[in-house]
Amino acid sequence: MIDWFVLEVNFENENKILDILNSDLFLPCVKRSFILRRKQLKSFGTEWKIYEFDVLKGIIFLEICNLNLFKKTLVKCKEIFELNHHQKIKLKKLQEYDLLFLNKFNSTTIDHSTGDIVNGKIVVNEGPLKGCEDMIRKVDRHKRLAFFKYKFSFSDSDICLGLEIKNKTV
């Protein structure tokens, strides 16, 4: 049986911990592990480039096929414990509504979206945020970000995703 979990770790070393989770050591018990990232346009001078940023710092998503074996392997792996600054590592099961939310984006790296502001309302024309306009609580047009609050089963999270507003009409 395959279940989805999140591993809460120290965000400074999350990439190193992810590399260990993707290694042969965890191969028998972990089907897939990733950090949810977003693409965002950033300006440096006159050039716009797309960069990737973490959506949820310190959160690693795991698809685990053998939970008992995973826990035993995690206890044996002292390197993860050291990378987490000897703090307790929290493993939490994802609920069905968390998976539905993640499946909206259909990827481990969320593309940026484009849209317009029409009569004070945000209308997303293309990208993964299309249809999620009611969840957006704030837009930073200069940084090209959309902010919204989402209540995951493991924490309340302020999430920001890339959103470029092309036109504004009153």
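With the Cα gyration tensor of the chain giving a ≥ b ≥ c as the square roots of its eigenvalues, does the rule (a/c under 1.5 for rounded; else a/b larger than b/c for prolate; else oblate) give rounded, prolate or oblate? The shape class here is prolate.
Using a 1.4 angstrom probe on heavy atoms only, work out the carbon and sulfur share of the accessible area of the chain in %. Can you show the working numbers first?
Values: 5020 of 10130 Å².
Carbon and sulfur atoms account for 50 percent of the accessible area of the chain.
As a quick test, which of the pairs Lys39/Lys90; Lys57/Lys92; Lys71/Lys92; Lys71/Lys151 have an alpha carbon distance above 18 angstrom in this structure? Walk me through the intermediate numbers first.
Numbers: Lys39/Lys90 27 Å; Lys57/Lys92 15 Å; Lys71/Lys92 12 Å; Lys71/Lys151 26 Å.
Table pairs above 18 Å Cα-Cα are Lys39/Lys90; Lys71/Lys151.
Per-residue extension of 0.36 nm, minus the Cα-Cα distance of Lys57 and Val75, leaves a gain of 4.2 nm for this segment. Here's the picture: charge each Lys and Arg Cβ at +1 and each Asp and Glu Cβ at -1 in the chain, and of Ser157, Gln95, Leu25 the one pushed furthest to the positive end of that dipole is Ser157. Here each label is just a point 7 Å from Cα along the line to Cβ, and for Ile117 and Asp140 those points are 1.5 nm apart.
To the nearest 20 Debye, how big is the dipole of the stretch 1-142 about its Cα centre, given +1 on the beta carbon of each Lys and Arg and -1 on that of each Asp and Glu? Don't skip to the end; give the middle numbers.
Working: 23 positive and 20 negative charges, 63 e Å.
Here the size comes out at about 300 debye.
Each residue of the stretch 153-170 was assigned a 3J(HN,Hα) from its phi angle through the Karplus expression (A = 6.51, B = -1.76, C = 1.60, θ = phi - 60°), giving 5, 9, 5, 7, 10, 8, 10, 10, 10, x, 8, 9, 8, 8, 9, 10, 10, 9 Hz with x at Gly and Pro.
Largest accessible area first, the residues Leu69, Leu161 order themselves as Leu69, Leu161 under a 1.4 Å probe with ligands, DNA and RNA left out. To the nearest ten degrees, helix 96-105 and the longest principal axis of the Cα atoms of the chain are 50 degrees apart. Pairing the Cα long axis of helix 67-76 with the longest principal axis of the chain, what angle in degrees results, from 0 to 90 and rounded to the nearest 10? The two axes meet at around 70 degrees. A simple spin-label model places pseudo-atoms 7 Å from Cα toward Cβ; at Asn106 and Asp24 they are separated by 3.6 nm.
The values are calculated or read from the model by the stated rules, or taken from the named source; none is laboratory data. No experiment lies behind these values; they were computed from the predicted model shown. Don't worry about glycine lacking a Cβ; one is built from the backbone with ideal geometry, like all the others, and counts go over all protein chains shown. All accessible areas refer to the heavy atoms of the entire protein, side chains included, with ligands and DNA or RNA removed. Shrake-Rupley method; radii C 1.70, N 1.55, O 1.52, S 1.80 Å.
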